Structures are given as structure tokens and as C-alpha cells.
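The values are calculated or read from the model by the stated rules, or taken from the named source; none is laboratory data. Here the structure is a predicted model, which means the values were calculated and not measured. Here the Cβ positions follow ideal geometry from the backbone for every residue, glycine too, while neighbour counts run over all protein chains shown.
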There are 2 protein chains.
Amino acid sequence: MKPKKISLSDIAKEAGVSIALVSYVLSGKEKEGRVGPEIAQRIRVIARELNYQPNLLAKSLRDGRTYTIGLIIADISNPFFANIAREVEDESRRNGYTVIIGSSDENADKAYDLMNVLINRQVDGFIIVSSENSERIVTHLQTIGMPFVLLDRHFPAFDTDFVVTNNAKASYEAGVHLLENGYRRIGFVAYRSVMFHVKERIRGYQDALRDRGIVAEADWLKEVQFDNMATEIRTAIDELLSGRVPIDAIIFSTYGLAVNGLKYFNERKVRVPDDVGVVSFGQAEVFDLYYCPISFMRQPIDVLGKRAVEVLMERLQQPDNPHRQVTIDAQLIARESSQRKPE
Amino acid sequence: MKPKKISLSDIAKEAGVSIALVSYVLSGKEKEGRVGPEIAQRIRVIARELNYQPNLLAKSLRDGRTYTIGLIIADISNPFFANIAREVEDESRRNGYTVIIGSSDENADKAYDLMNVLINRQVDGFIIVSSENSERIVTHLQTIGMPFVLLDRHFPAFDTDFVVTNNAKASYEAGVHLLENGYRRIGFVAYRSVMFHVKERIRGYQDALRDRGIVAEADWLKEVQFDNMATEIRTAIDELLSGRVPIDAIIFSTYGLAVNGLKYFNERKVRVPDDVGVVSFGQAEVFDLYYCPISFMRQPIDVLGKRAVEVLMERLQQPDNPHRQVTIDAQLIARESSQRKPE
């Protein structure tokens, strides 16, 4: 089923020029002016028509690389990851690499299967947004000596390359921001998870309240199940709004939680920011369209994706260097949802 | 770099049972009750610990397949495609296939490169959401006899398998719906494109107006450039709202156009549905959160993804069957944005 391999000599023959000239043009040097533009154009058109694969095979033979990166993301239908994938792709392309993507659906077994499929497809390295309980991917890749970078989520028990957001700090800033705007009883909604980034977000929130002298009620923290989120978030919000000490603000620790929470506010006719202040993690697009623009911790998707590729490129060059562990700050984008009207 | 291949006999040895028993359990037959649950569990745990690759290699050797599908989508950061990718993945998995994904960023050259990368990775077939001017992918795959299904967008000049929405009908219904709700001057915002699905959406809108006796002004149709959308849509809306015959409703032909258009309405303090009625193509999640829930043509993402996989599976079985060309209706979800208040 494979297409016939086209060589420089096939193109030279078709174009009626020398192989050296074809090589010269297709390696991108024609701007130096030794070739007329018509000839260069003609060679490129023929190369395209014959489906010539520029350099890739020769380069692969030369250095044993395939110039392909495997990207495993936790959930392709989450716009945060979809946008990160796009950044990884753009940056990889600038480095001459193609990205092939698999989505693990937040399932460690699927992630492991994908890893194997991509290893068998001979990727040069991996960028991985880990799902819960997928540590054995890390141990397996370390065992076989496959370069990889963990992106957005990492396992502190393992010494690996990673590029992540400073999650504790982001939550801390969200909490302090709400406190400074006069909110006092701040709830926090997260997924139920043992993942480090989730725990860090909770820790930052708790530290902010403690440092400002607020004694948080235990039931201000709500953990909902990822695969039953649409239902559990309603219960969580009901409890936060009607508990013994009802909350006056909520931090949503993910985009998906916020979207479902805001929908439920609409249903219950809860008004933001007067009935409840809101800060969320996640994406702006949806938050822009809510009747009250939602304050959020902007995670630097572009920087996260770009840096992950850079770290992987360095790792491919220098397999034995110490690990690169990059932590990037989120940025508070304060809007109406966290500005309570003066009473 | 490849991990050591683990055989059934390695697992049998480790578990202290027969190879036949291991094969029996790992092929998923243990529910028939011939094996005790502890033994079955023990075998599965060992298989996992040893990183056993179930069946895949043996199956591949037997029938020459890799049980991998290449999915090329036009833009991973568009939630419509990201969600379609998730459906394709789920359905493929049910069929024993793994999906590897590439995103072409609406660029025909990138799509062609991805196709080559995935062919070299020996996928069994492709599901492709085509970008503009990417017909040579179709001709190349036909030339080399590689099975493929076009999804969501197709090229009517080529006889291929495809699974698409009935776009003309969807636009027609959107137009009729607005007319029946009392709107008379209906604008239509689309990407500037030669793609068939875009043309079909425009055609359906024009047919609806014509069939209901409305003489549409030429400048009610606005085509904006994909890669300059954020700017051009503002101009388009300004012109629609302040033209010689200002419009009283708009159909947005994609999710991205709608999001940017609605944001601009907020800026200009244009009120939906009283100043302008709205129907959009695309996704519900964002539309749910707008102060006025947006009516939209629901494209059956789940059915599109599932059917595309089914058609590809049939094609892999029956390479010489006539082409399957599946057209699926969108469904109008009518909400407040297209209900003008009685005057």
C-alpha cells in the first residue's frame, strides 16, 4: 500500500535539470539567487506532483530519528487541552517535527495503550498530559529510555522533565482576590482526584483563607466525580448555598466545573456577583459570553505548549542532562464576577 | 528502544498456570465461568505488570492490519472537531482500533504532510475532516488504494465514502424558523471559502428566503476570512446593522463566527433577540451561557463520528463495495435568541 518512493533523480529527470540543482532548490537555498525563479518554481511543482518527501527519509537514515512526537492528552474534548495541543503542534512544526496525538479520556489504561501504539509507531519522544494513576507510563518510558516531558500535570514522586502551571499560587491568588473584594465565605469546587495539580489547587485556596485569618468550614470544599460531574456539581452547589454557613463566593478549579456550575446558577436564578462571587480556572471564551464576565486564572497555554516542546527538543539533544522542571505562573484576569456591588 | 515482547508463556510461567488458561482469560472469556475469579484476576495483574500487548501483534501478523486509524481534523482547537474526534475515538475503540490524530490547522499543505506521516506509520485507513483545497489528499489516497472516509466535509467532484451533515437543509430550516418568528431581513455570516459545505449552507439560506417571497439584499450575505475572523466579523456586523436595509436577524454558519459575533453584540450593546434574532450552527455549551440562550442547528456529532467509523470498518472489510455516502440531518434547537418579543 505504500506509495512509490520518489528520489531527487526522478524530479531532476522530469524537470530536465541536474540532481544537484533539484537538491539545491528543495533544501530551501534558492533564495541565494543562483537559480532563476521559474526553474525553482518548476522544480517545486514537480516535486509536489510526484509527492516527494523532502529530506525526511534521508534525515531519518542519517540520525535515526523519525521527527515525530507523540502527544497524549487527557481529554481532547476539553478546550484547554485542545488548545494546548494546537500550541504543541505549532511549536513542533517550527522545529521540523510532526505531532501525532492520542486522547486518553482521563483513563490510565487507555493512556498506556496509546503510549504503546505510539512507541510502535516510532515516535522520537513524548509530551504527556497525564491522567490519574498513570504513573506506570512514567516508569515504563524511563525503563526503555524514551524521552518525554510531562505537561500541565506531573508526579512529584518521580524525577522527570515537566512544564506545569504553579497551581497552588494560582488558587492562592484567586482566594486573596475574593477576600480583598469583600467576600468572606469562599467555597472551592474541584474534581475528586489524587492528582498533584488538583491537591495543589486546594492547598493554595486553603492557605489563602488561613493567611487572611478566615476559619474555613470543611464543607466549603466540594470534590465531585469527573464522570458524574453534571449531577454532582448541582448537589455541591446546593450544599454550598444552603449549608450551615452558606458561602458567598466560589472558586471553580476547572473550566468544565465552571461551565456546569454557571448553568446551574442560571437555573436556580442565583446572580453573579451579588449572590455569589466567582473566580475560575480555565478558558476565556465561554466566560466572555456569560451575562457577567467571569474572572479567571489565565493559564499560559501558549507558553506551556511552547516550553514543553523546547524541553523535549533539549532532551533529544542531551539525553543525560539533569531534568528540566518548569513552573509557570497563571495570571488573574479580574472581571465583574468577583466584584461585589457595594452594599 | 523497544520493550521486550512479553508472550503468553511468560505470563503463564509467572502465574504458575497453563498457557491455555492465560489465553482463555486474556481473550476475555473468563466470564463463562471455567476459571476462578482469583486466578483470572491474578493473570490480568501479571499481564499488566509485564506490559503484555494483548493480541495486537499476533492479530497484525495474521491479517496484515495494524488496527490503527489515522484521523486528520481541520482544527483541533475548534470544539466541534475536538468533540467529533472524541466520538471517533470511542467508536474505534469499541471496534478494537486505536486512533492517532493530526490537526491540519485548516491548511491543505499541513494536511497532506500529516497524511504522509500517518501512511508511513502504517495506519489501516483514514477518517478526514478536509481543509480547503485538499483534493490532492483524496486523489493520492485513491491512487495508492488506501481506505478513507471524509467526515463533515466532502468534495462532490470525487466519488468517495463520506459522512456529512445535510448543510443546505439545516440552513434552510434556520431561515424558515426566523421568518416564521416574524424576522424579515435575515443576514448570513460565513467563512469565505470554496468548500462545498460552506456553499451549501449559503444556498439553504438563500432558498429559504426565496421560497418565502423575501427578496434578499446581496449585502445581507457576509463572507469573512478564517484567519482574520476576529476583525472582519466586526466590520461584517457593522455593515449588516447599519446598511441601506438593516437586518433584523443573523444566521452564523459556524460556532467560531457566532462566539465572536455575540461578543461584539455585547460591546455594541446590541440586544438579542429584540435588536437582532440569532440562529447559529455549532455547539451548545457556549450558547447555554449567553444571557439569552442561543438557538442553534444541532449537528449530530455523536452520529457523525460513529457512522464515519462504521463506514470505514465496512470499507476495510469490503474494499470493492460501492461508496457509502451518508447525509445526516441537523436538528433545530429553538431557544430565546430567535423569539422576538411581540411589539
Checklist outcome for this item: Filter the range B:93-132 for residues that are within 12 Å of another protein chain (Cβ to nearest Cβ) and over 22 Å from A:R86 (Cβ atoms); the one that is surrounded by the fewest Cβ atoms within 10 Å (Cβ to Cβ) is B:G96
Checklist entry - Does any residue of the range A:52-62 turn out to be under 24 Å from A:A111 (Cα atoms) and either within 9 Å of chain B (Cβ to nearest Cβ) or at pLDDT 90 or above (or both)? => result no
Checklist entry - Given the range A:248-335, what strands (runs of 3 or more DSSP E) lie entirely inside it while holding 3 or more residues that are under 20 Å from A:R185 (Cα atoms)? => result A:249-252, A:277-282, A:295-298
Checklist outcome for this item: Of those in the range B:279-293 that are hydrophobic (A, V, I, L, M, F, W, C) and in contact with a strand residue (DSSP E or B) (Cβ under 6 Å, 6 or more places away or on another chain), the residue nearest to the other protein chains (Cβ to nearest Cβ) is B:L289
Next on the checklist: So, A:E314, is that one touching a residue at least 60 places away in the same chain (Cβ under 8 Å), of a type in the set (D, E) and out of contact with any Pro (no Cβ under 9 Å at 6 or more places or on another chain) or not?
Outcome noted: no
Next on the checklist: Kindly evaluate B:T160 against the criterion of being more than 10 Å from chain A (Cβ to nearest Cβ) and either of a type in the set (D, E) or in contact (Cβ under 8 Å) with a residue 12 or more places away in the chain (or both).
Outcome noted: yes
Item to check | Meets criteria (crowded, with 21+ Cβ neighbours inside 10 Å, in contact (Cβ under 8 Å) with a residue 40 or more places away in the chain, outside the structural domain of A:V215 (by TED's automatic domain parsing) and on the phi < 0 side of the Ramachandran plot) for A:V272 | outcome: no
Checklist entry - Quick one: which of B:E217, B:E223, B:E239 is within 21 Å of B:R271 (Cβ to Cβ), acidic (D, E) and surrounded by fewer than 19 Cβ atoms within 10 Å (Cβ to Cβ)? => result B:E239
Item to check | Any hit, the range A:252-260, residues being within 14 Å of A:L178 (Cα to Cα), in the same structural domain as A:V176 (by TED's automatic domain parsing) and either of a type in the set (A, V, I, L, M, F, W, C) or at pLDDT 95 or above (or both) | outcome: yes
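Okay, residues lined up against (1) in a helix (DSSP H, G or I); (2) modelled with pLDDT under 95:
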{"site": "B:G187", "(1), (2)": "no, no"}
{"site": "B:V194", "(1), (2)": "no, yes"}
{"site": "B:Y205", "(1), (2)": "yes, no"}
{"site": "B:T235", "(1), (2)": "yes, no"}
{"site": "B:D238", "(1), (2)": "yes, no"}
{"site": "B:P246", "(1), (2)": "no, yes"}
Checklist entry - Only one of B:A230, B:A308, B:A284 is buried (at least 17 other Cβ atoms within 10 Å of the Cβ) and of a type outside the set (K, R); which? => result B:A308
Next on the checklist: Go through the range B:311-332 and report how many residues are surrounded by 15 or more Cβ atoms within 10 Å (Cβ to Cβ), touching a Lys or Arg at 6+ places or on another chain (Cβ under 6 Å) and of a type in the set (S, T, N, Q).
Outcome noted: 0
Checklist entry - If you go through the range A:155-205 one residue at a time, how many are within 26 Å of A:V276 (Cβ to Cβ), surrounded by 19 or more Cβ atoms within 10 Å (Cβ to Cβ) and hydrophobic (A, V, I, L, M, F, W, C)? => result 10
Item to check | Residue list for the range A:207-221, filter: assigned to a loop (DSSP other than H, G, I, E, B) and not β-branched (V, I, T) | outcome: A:R212, A:G213, A:A216, A:E217
Checklist entry - Would you say A:E135 is among the acidic types (D, E) and within 11 Å of chain B (Cβ to nearest Cβ)? => result no
Checklist outcome for this item: Per the list (1) within 14 Å of another protein chain (Cβ to nearest Cβ); (2) closer than 17 Å to A:E314 by Cβ; (3) touching a strand residue (DSSP E or B) at 6+ places or on another chain (Cβ under 6 Å), residue check on A:V149 breaks on (1)
